[in-house]
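Just below is one structure, and these are the notes that go with it.
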Amino acid sequence: MRDKKHFLNVGARPQARALAQALARARRGSVIVVVLVTLLLASMMLMKFMESSAVELTLATRQADRDRLRTHLLDLFEVVGPEDPAVSRARIDLANALF
């Protein structure tokens with residue numbers, strides 16, 4: 001009777017080991033999937049941040065360019081003089097372009 005139990009236990013051990021190894025591989029695979037998904041989400045968030053920063057930078061640059069252009073044109077208007085009809089038309093055009 002003892003030999004029979006011993007035989008059954010010996011036969012069960014390789015199956016238990018195989019099952020334990022399969023579970024370990026599955027756990028490792030799950031960890032890899034979690035890490036890859038985390039990296040994907042992090043890269044997507046970084047891309048979104050970079051896009052929004054680029055838009056904000058573009059808008060800020062446009063505003064700085066507008067201010068510089070407006071200042072330069074107002075200086076030119078002063079040089080020519082306010083009584084010149086071209087200056088009054090140019091002021092209207094400048095106001096329409098900026099606002």
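Values in this text are rule-based calculations from the coordinates and carry no lab data. As the structure is a computational prediction, the values presented were derived from the model and not from experiment. Counting neighbours? That spans all protein chains shown, and the Cβs are built from the backbone with ideal geometry, glycine included.
Which order, highest average first, do 87-96, 57-66 follow once you tally other Cβ atoms within 10 Å for each residue and take the mean per peptide?
The densest-packed peptide leads the list: 87-96, 57-66.
Once phi is turned into ³J(HN,Hα) by the Karplus curve 6.51 cos²θ - 1.76 cosθ + 1.60 with θ = phi - 60°, what whole-Hz value does each residue of the stretch 26-38 show in order, with x for glycine and proline?
5, 5, 4, x, 5, 5, 4, 5, 4, 5, 5, 5, 4
Ranked from highest to lowest mean number of other Cβ atoms within 10 Å per residue, what is the order of the peptides 67-79, 26-38?
With the highest mean Cβ count within 10 Å placed first, the list reads 67-79, 26-38.
Do the sum for the chain: with -39,500 (n - 2.57) for every DSSP H run of n ≥ 4, divided by all residues, what is the mean residue ellipticity at 222 nm, to the nearest 500 deg cm²/dmol?
Dividing the helical sum by the residues of the chain leaves -35000 deg cm²/dmol.
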